[in-house]
């Protein structure tokens with residue numbers, strides 16, 4: 001199929017779809033009239049009248065007749081990227097079309113930064129079907145009917161079964177949708193800002209609503225409702241693996257425009273059902289819990305670290321109780337390993353936080369940790385003799401052993417017992433991670 005034939009079919013299908021809806025409405029009206037009339041004479045008269053209406057509808061949705069009519073009404077619409085009616089539905093000031101990505105500066109996010117801005121239109125809501133026609137395209141991000149008209153596209157001209165003179169007139173009249181209908185003007189119902197310029201002078205600024213940019217934000221935020229995002233969010237709740245993450249938008253506000261008639265504001269506002277999202281314009285807040293020096297304890301495992309990973313150890317224990325009477329398989333062993341690795345990840349994160357404290361904290365008299373844990377948690381202690389001892393000591397072996405003993409003990413129940421085999425498994429998993437963090441261990 002040639003491009004011209006594809007365009008002709010695209011336009012034909014658009015008009016046929018609307019004609020079918022009108023014919024269905026006419027048929028429903030005819031059936032209602034039949035129920036309301038009992039005289040046979042009336043039936044015949046109604047049938048003739050409805051047949052005339054049907055024929056008139058079919059003729060009006062012929063592509064030439066339809067475009068002839070709409071080319072005269074397109075002047076009721078104006079293509080815009082920034083609209084005034086969002087400030088007040090009764091504002092009669094100018095709207096603006098300004099979307100040029102050549103003006104985009106990386107520091108600022110604006111309409112100019114959009115590669116494919118969604119054009120908006122304002123004007124008579126009853127004429128919006130004209131804009132929908134002009135936005136038809138053969139595929140996503142491919143030229144629309146309007147863009148083809150603007151550049152006098154040969155394929156579109158070949159798709160229209162009318163004289164060249166009429167094509168010229170249509171292209172000119174439909175392309176005028178980009179032209180402002182009135183000179184630049186503000187309105188008493190629009191926002192206005194007095195901007196000082198010095199010497200007691202000022203500019204009077206009339207800000208407009210960036211409807212194209214707002215629509216782009218709306219579409220990106222709406223992704224949170226698609227099926228893939230829902231599955232990813234569900235996997236997170238159930239603590240299951242999912243191949244990718246998802247975006248979330250906390251503290252999101254919704255602003256509504258147009259009430260029950262969002263189409264009276266603009267076409268894009270109608271597509272958004274009158275909604276626009278507002279992202280919180282706040283500086284990021286980060287309130288991490290203060291890292292407490294592990295003083296007054298003989299080991300960090302029983303109380304300090306145990307409280308930190310209580311949800312994880314509880315989950316692991318429940319899983320092991322659930323599968324204790326089943327025959328072991330790869331899936332069960334994989335799940336168990338993943339849960340233990342999460343606990344180890346938390347242990348490494350905890351040790352990193354303690355190691356970030358000012359060096360030498362372990363010299364305080366309140367420090368009761370054994371030597372291996374001191375070597376582990378206060379590695380930059382400013383003491384050459386102590387550093388020599390640390391380098392020669394096999395403290396990683398001791399830490400891994402203590403971790404394995406602690407994990408065995410915390411998972412123990414009346415019906416769930418762990419011995420040397422499990423202890424060796426936990427120990428190997430931690431030693432492997434410590435080897436990655438301290439390369440000299442692997443040597």
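Some notes on this structure:
- The criterion of at least 1 residues that are surrounded by 12 or more Cβ atoms within 10 Å (Cβ to Cβ) and touching a residue at least 24 places away in the same chain (Cβ under 8 Å) is met by the following helices (runs of 4 or more DSSP H) wholly inside the stretch 297-416: 310-323, 330-355, 371-377, 395-411.
- Residue list for the stretch 229-245, restricted to those being assigned to a helix (DSSP H, G or I), farther than 15 Å from residue 311 by Cβ and out of contact with any helix residue (DSSP H, G or I) (no Cβ under 7 Å at 6 or more places or on another chain): 230, 231, 232, 233, 234, 235
- Scanning the stretch 83-95 for residues that are in contact with a helix residue (DSSP H, G or I) (Cβ under 9 Å, 6 or more places away or on another chain) and at pLDDT below 85 yields a count of 4.
- Residue 106 being modelled with pLDDT under 85, touching a helix residue (DSSP H, G or I) at 6+ places or on another chain (Cβ under 9 Å) and at negative phi: yes
- Among the residues making up the stretch 353-370, those that are closer than 17 Å to residue 434 by Cα and touching a helix residue (DSSP H, G or I) at 6+ places or on another chain (Cβ under 9 Å) are 354, 355.
- Number of the condition not met by residue 152 [criteria: (1) touching a helix residue (DSSP H, G or I) at 6+ places or on another chain (Cβ under 7 Å); (2) loosely packed, with under 13 Cβ neighbours inside 10 Å]: (2)
- Every residue from the stretch 417-431 that is out of contact with any helix residue (DSSP H, G or I) (no Cβ under 7 Å at 6 or more places or on another chain) and either at pLDDT 85 or above or surrounded by 14 or more Cβ atoms within 10 Å (Cβ to Cβ) (or both): 424, 425, 428
- Checklist (1) out of contact with any helix residue (DSSP H, G or I) (no Cβ under 8 Å at 6 or more places or on another chain); (2) assigned to a helix (DSSP H, G or I) applied to residue 250, failing item: (2)
- The stretch 182-228 - residue that is within 20 Å of residue 121 (Cβ to Cβ) and in contact with a helix residue (DSSP H, G or I) (Cβ under 7 Å, 6 or more places away or on another chain) and, of those, surrounded by the fewest Cβ atoms within 10 Å (Cβ to Cβ): 213
- Some residue of the stretch 230-247 being surrounded by fewer than 16 Cβ atoms within 10 Å (Cβ to Cβ), free of Cβ contacts under 8 Å to residues at least 60 places away in the same chain and touching a strand residue (DSSP E or B) at 6+ places or on another chain (Cβ under 8 Å): no
The values are calculated or read from the model by the stated rules, or taken from the named source; none is laboratory data. Given the structure is predicted, the values throughout are model-derived calculations rather than measurements. As a convention, Cβ positions derive from the backbone with ideal geometry for all residues, glycine included, and neighbour counts pool all protein chains shown.
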